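A.B. asks: Before we start, here is the structure in question, set down as structure tokens.
We did not get these values from a lab; they are worked out from the coordinates using the rules stated. As the structure is a prediction and not an experimental result, all values here were calculated from the model.
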């Protein structure tokens, strides 16, 4: 599953592409390597307008996954949208766009070493978005942190396309690239929005880097 991605475009680019009305993020630094539980930008609708804010990567885990555990670091990827655990967050109020410029899956080499392989829309790493969900949740994410209430997010996955499958045959993120797709994901009824849970066309994605745990150059 995708547990590493980057967002290295400037805030102005995010505000423009996603038609953000309110920016709640302050000064966002480039994020060439975003790992689970990191705070990262999301775009959601509040009071009828799009806002750019930050949330921690990892939605609440299902109860069965928490048996015998004292902490819940969260679930980064959502595949089974038919699950009652996830259905509660599939309405427009809990959907969000997760801006990214590239994402990584790990390739197993002949010597069994795993290396990151980075995918983007093209070598320029233009902005796009994962189809995300978010909520505000109270839990113990890290023992040393104790109980916290935080806005958290994850994004949907689907079958891999022909570019991702040779590296990661199980899944790829659900990627949105057009204003129509952004609008449908943020505002449409669940049945219409869930139709976007499909692989990106092969021609729309390429491998742009290998080997590093960060990707992209800030503008």
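A.B. asks: Mind telling me which of 114, 144, 170 comes out most flexible in a GNM of the chain, alpha-carbon contacts under 10 Å?
C.D. replies: 144
A.B. asks: When the convex hull of the Cα atoms of the chain is projected onto a plane and the area is averaged over all directions, what value comes out in nm²?
C.D. replies: 12.6 nm²
A.B. asks: Now for a separate question. Which value results for Rg/Rh of region 130-219 when Rg is the Cα radius of gyration and Rh the Kirkwood radius based on the inverse mean 1/r?
C.D. replies: Result for region 130-219 is an Rg/Rh of 1.05.
A.B. asks: To the nearest Å, what is the center-to-center distance of region 69-117 and region 183-219, using C-alpha atoms only?
C.D. replies: Between the Cα centres of region 69-117 and region 183-219 lies a distance of 12 Å.
A.B. asks: Take the chain, connect every pair of alpha-carbon atoms lying under 10 Å apart with a spring to form a Gaussian network, then pick out the residue of 89, 118, 185 with the largest mean-square fluctuation.
C.D. replies: Sorting by GNM fluctuation, first place goes to 89.
A.B. asks: Taking N as the number of residues in region 5-50, what is its alpha-carbon radius of gyration divided by 2.2 N^0.38 Å?
C.D. replies: In units of the 2.2 N^0.38 Å rule of thumb, it is 1.18.
A.B. asks: So what's the Cα pair-distance distribution over region 10-92, bin width 5 Å, in %?
C.D. replies: Distribution as computed: 3, 12, 18, 19, 18, 15, 9, 4, 1, 0 percent.
A.B. asks: Just 135, 25, 149 to compare: in a GNM of the chain, with alpha carbon springs under 10 Å, which one fluctuates most?
C.D. replies: 149
A.B. asks: Tell me the mean residue ellipticity at 222 nm calculated for the chain from its helices only (DSSP H runs of n ≥ 4, each -39500 (n - 2.57), averaged over every residue, nearest 500).
C.D. replies: Only helices count here, giving -2500 deg cm²/dmol.
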